[in-house]
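Notes follow the structure.
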Amino acid sequence: MPVPLPSGASFVNGLTVNVLKNGSEVKSLPSGSSLQIEFPLPAGSDGNFVILFLNNGNWTELPGEKTADGYYKITATQAGAFILVKK
């Protein structure tokens, strides 16, 4: 982990999204653009899951939802590091 997790959070899964334009990394997506990010939930799991985004060295909780087919999803407006945690 680049920085410690918030108290009470347990790491489940993570990914880093990089967006390139003409070979150069773009941090902010064009106006009106977004990314849909989905993490599979562990089989048979219950509990409170959230997705955290690494924002200027701090984890920020993003609003999301569980799907009927066993995923937790968010819509993001910028690229970067995202992790699924259980609280």
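The values are calculated or read from the model by the stated rules, or taken from the named source; none is laboratory data. Quick caveat, the model's predicted, so the values are computed rather than measured. Backbone-built Cβ (ideal geometry, glycine too); neighbour counts: all protein chains shown.
Numerical summary
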quantity	calculated
Residue identified as within 19 Å of residue 87 (Cβ to Cβ), in contact (Cβ under 8 Å) with a residue 60 or more places away in the chain, surrounded by 15 or more Cβ atoms within 10 Å (Cβ to Cβ) and of a type outside the set (D, E, K, R) among 12, 19, 50	12
Scope segment 34-87; condition in contact with a Gly (Cβ under 6 Å, 6 or more places away or on another chain) and among the hydroxyl-bearing types (Ser, Thr, Tyr); matching residues	72
Failed item, numbered, when residue 85 is tested on (1) of a type outside the set (Lys, Arg); (2) closer than 26 Å to residue 21 by Cα; (3) surrounded by 13 or more Cβ atoms within 10 Å (Cβ to Cβ)	(2)
Cross-chain or 6+ apart pairs with Cβ under 8 Å, segment 27-42 first and over 24 Å from residue 86 (Cα atoms), then in a loop (DSSP other than H, G, I, E, B) and modelled with pLDDT under 95	27/79; 28/77; 29/77; 29/79; 33/77; 34/77
Checklist (1) loosely packed, with under 13 Cβ neighbours inside 10 Å; (2) on the phi > 0 side of the Ramachandran plot; (3) touching a strand residue (DSSP E or B) at 6+ places or on another chain (Cβ under 8 Å) applied to residue 44, failing item	(3)
Residues satisfying the stated conditions in segment 53-72, i.e. exposed (fewer than 14 other Cβ atoms within 10 Å of the Cβ), of a type outside the set (Gly, Ala, Ser) and touching a residue at least 24 places away in the same chain (Cβ under 8 Å)	55, 58, 66, 67
Selection from segment 39-79 of residues that are in contact with a Ser or Thr (Cβ under 7 Å, 6 or more places away or on another chain) and of a type outside the set (Val, Ile, Thr)	52, 53, 73, 76, 78
